[in-house]
Amino acid sequence: MIRITFISPYAALTGEIDAAFRQLGRPDIQYKILNIAQGEEELNGEIEGDVFIARGFALRYFQDKNPWKMLGVEISTTGFDLVMAVNECIRTYGCRHLAILGTESMLYGAQNFGSLFEGVQIDHYLTEDREGLERCIDRAVQKGAQAIIGGQTACRKAKKRGLPFTMVRTGREAIMKALEMSIRLVEATRQERQERDRLAKIMDYSYSGILSTDREGTIRSINPKACAIVRLSEQDALGQPVQKLFPGLDIQQVVRKNEKLVDEICQIQGQVITLNCVPIEGTRESSGVVITCTEARELQKTEAKIRRNILQKGFVAKYTFADIIHQDAVMCQTIEKARRFSRNESNVLLYGETGVGKELFAQSIHNASRRAKGPFVAINCAALPEHLLESELFGYVEGAFTGASKNGKIGLFEAAHNGTIFLDEIGDLSSKLQGRLLRVIQEREIVRLGGDHVIPIDVRIISATNKNLNDEQEAGNFRRDLMYRLEVLKLRIPPLNQRKGDIIPLVWRFLEEGCQKEHKPLFTRLDPEAELWLQTFSWQGNVRQLRNVVERICVLCNDQVISCKTVVEALELGDEPLSRQPPAKGLWLEQTERERLIRALSQVCYRKGEAAKLLGIDRSTLWRRMKKYGLD
């Protein structure tokens, strides 16, 4: 909606204004007509809207007095309007010497009227203010003017002196032009205001400091972030020479040579700032510069966020210490030691046979550390050739080698920034990569393949091996200095045959998973002799081998009770053929029975009645067996 106030110099013009608005046909236009035939002073409190329209001196009067700073549009007098006024004056008064008084817009074209009215002298008096109007009337009278022609103000002054006068009337054409100009002015002003508000919001909410200067380097605008960086208020910063805020900045080089300064580094009150300085293009030459500045620590935060939100996709540690199934005292001690390691920032080296769960421990240590919210990146150093492993670890730039990605590639060390990188099978790392890894640990920075840009990183390294690195070092296969860097904290994960108390709990966990996979109901129990076979097996493949055997059991067994026959059949399909009989049953059966009691009691939170039902015995039998094994 556009609101227009039309200031009419005489009452008869109201009808023409109404007709002009109807002709315009704009329902989105609201208008108000104010008559100033008795003078402008009486309307000071009545002007409102987006724009007002007035003639000559009335326009200037309201522009000066208008406290609302409304837009004003002048009704220009046409040549036809002046001809009609002169003709009316001659007919009314029979005067042959006339004076036309008014502003430039009213007198435009009046100089050529002399030839239109034969025998009539027409003088023109130009003035832009009311005081000048009085002087013009005096001069006209002195030169013999018999009548005054002009606007409402000129005619009112002529009337007070008793002089004949004729008011210049405004025609429909002039009214329509003023209306159309008013609408265009309001629409353009609104668009400009919206653009200005948008730019102001961009400035205010930008995370970078933004300021602009004139050609001399004087600050003309500055946003809140820039004020925070230079530690000045907007009021104190405006009008200051930019060199005072950024010492050493050669702004004249930008202005004179029209050159950009990109990624300049300077220090302000002890903080490192990066800034860009570009010229503001004018019609012929730059009219100043725009400077954007950012604190280096903010760039580091942004870089870390990008790495965290974009580069770590999929680099998440899923497991915690709670996921490690265990009951054996040896494993309890190992986990407690790992928990203590997680509270430290030093590198960790995990020793253990294949299949003991080294990555499970690595993920658990990461998730219990202060880096838990950062990425967890794992790679097997024995799985890739040297050149591929190097590009995976350190990344590469565009064109680093044949077949390289067009945009280059980020390395796993970069992706693990503020998190943990897990290097499995570290003992198989080549001599070349051992040297590069040692430098990364020492310098806390990497350089991509084919690049010359140093990238700082903050990464904790957890490595793992099934080899004896001391033996590898003695054989010349592993660098001693790297070994010392990697094994600041050492953790040996015991093989499964050294923690037999964990075998049956692990079996039941894998049985639960296997039954879900096969869409079978969970087995009710293991035959005691079957448990004995599982506990006395060598498990050279450790937990990984145990999981595979249990998966076979889930497929082979169709009963609710897992028999010894099924277990023996599953074990014979494993890596170690079964060529012996189980050991003496006495001691092992007692151990397995005690473990079954412990497992049943723990499953029902030591509610004896429910434990007895789970084991298929009565409460008195359960009580006697608990007493026998010291569980009461």
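The values are calculated or read from the model by the stated rules, or taken from the named source; none is laboratory data. Being a predicted model, the structure only gives us computed values, none of them experimental. Cβ atoms come from the backbone with ideal geometry, glycine included; neighbour counts cover every protein chain shown. Quick note on the areas: whole protein, heavy atoms, side chains included, nothing else; ligands and nucleic acids left out. Shrake-Rupley method; radii C 1.70, N 1.55, O 1.52, S 1.80 Å.
Set against the 2.2 N^0.38 Å expectation for a compact globular protein, segment 80-179 has a Cα radius of gyration ratio of 1.01. Return the subset of 318/432; 500/608; 337/490; 318/490; 318/373; 467/490 for which the Cα-Cα distance in this structure is over 20 Å, preserving the input order. Among 318/432; 500/608; 337/490; 318/490; 318/373; 467/490, the Cα-Cα distance tops 20 Å for 318/432; 500/608; 318/490. Summing Cβ point charges (Lys, Arg +1; Asp, Glu -1) relative to the Cα centre of segment 172-217 gives a dipole of roughly 180 debye.
Out of the total accessible area of segment 468-566 (probe 1.4 Å, heavy atoms of protein only), what percent is carbon and sulfur? Whole-percent figure for carbon plus sulfur exposure: 45. Relative to the current alpha-carbon distance between residue 599 and residue 243, full extension at 0.36 nm per residue lengthens the span by 120.5 nm. Taking log10 I(q)/I(0) by the Debye sum over Cα atoms at q = 0.09 Å⁻¹ straight from the coordinates, which label in [x] -0.71; [y] -0.92; [z] -0.83 is the correct one? Entry [y]. Give me the angle, in degrees from 0 to 90, between the Cα long axis of helix 329-342 and the longest principal axis of the Cα atoms of the chain, rounded to the nearest 10. Compared with the principal axis, the helix lies near 30 degrees. With Cα atoms defining each centre, segment 222-294 and segment 370-400 are spaced 40 Å apart in the structure. Computed extension length for residue 19-residue 271: 84.0 nm, one decimal, from 0.36 nm per residue of separation with the Cα-Cα distance subtracted. The angle between the Cα long axis of helix 503-518 and the longest principal axis of the Cα atoms of the chain comes to about 60 degrees, rounded to the nearest 10. Computed with every protein chain present, the accessible area of residue 176 is close to 20 Å² [probe 1.4 Å].
The HN-Hα couplings worked out from phi for segment 11-28 by the Karplus form 6.51 cos²θ - 1.76 cosθ + 1.60 (θ = phi - 60°) are 5, 5, 6, 4, x, 5, 5, 4, 5, 5, 5, 5, 5, 5, x, 10, x, 8 Hz, whole numbers, x standing for Gly and Pro. Accessible area of residue 318 (1.4 Å probe, protein heavy atoms only, ligands and nucleic acids ignored): about 150 Å². Per-residue Karplus couplings for segment 469-479, computed as 6.51 cos²θ - 1.76 cosθ + 1.60 with θ equal to phi - 60°, are listed in order as 5, 5, 5, 5, 5, 4, 7, x, 9, 9, 6 Hz, Gly and Pro entered as x.
What is the angle, in °, between the Cα long axis of helix 358-367 and the longest principal axis of the Cα atoms in the chain? Nearest 10 is fine, range 0 to 90. On a 0 to 90 degree scale, this one is about 40. Distant-in-sequence amide contacts of residue 35, defined by a placed amide H-H separation under 5 Å and a gap of 5 or more residues or a different chain, comprise 8. Determine, from the Cβ-Cβ distance of residue 176 and residue 116 and an R0 of 30 Å, the FRET efficiency 1/(1 + (r/R0)^6), rounded to the nearest 0.05. Efficiency, rounded to the nearest 0.05: 0.75. For residue 551, the accessible surface of its heavy atoms amounts to roughly 80 Å² (probe 1.4 Å, protein chains only, rounded to the nearest 10). Taking all protein chains into account, the per residue accessible area for the chain stands at 52 Å² (1.4 Å probe). Take every pair of alpha-carbon atoms less than 8 Å apart whose residues are at least six positions apart; their mean separation over the length of the chain yields a relative contact order of 8 percent.
Measuring r between the beta carbons of residue 623 and residue 372 and using R0 = 56 Å, the FRET efficiency lands at 0.80. Segment 607-625 and segment 131-206 have Cα centres lying 106 Å from one another.
Per-residue 3J(HN,Hα) values for segment 429-441, derived from phi via the Karplus relation 6.51 cos²θ - 1.76 cosθ + 1.60 with θ = phi - 60°, read 6, 5, 4, 4, 6, 4, x, 5, 5, 4, 5, 4, 5 Hz in sequence order (x marks Gly and Pro).
Rounded to the nearest 20 debye, the dipole size of the chain about its Cα centre is 1500 debye, using +1 on the Cβ of Lys and Arg and -1 on the Cβ of Asp and Glu. Amide H neighbours of residue 459 under 5 Å, counting only residues 5+ apart in sequence or on other chains, H built in-plane at 1.01 Å? The list, which skips near neighbours in sequence, is 418. Summarising the label geometry, the points placed 7 Å from Cα in the beta-carbon direction at residue 201 and residue 515 lie 6.0 nm from one another. If R0 is taken as 30 Å, the Cβ-Cβ distance between residue 190 and residue 104 corresponds to a FRET efficiency of 0.55. Counting only protein heavy atoms and a probe of 1.4 Å, the accessible surface of segment 133-287 is 49% carbon and sulfur.
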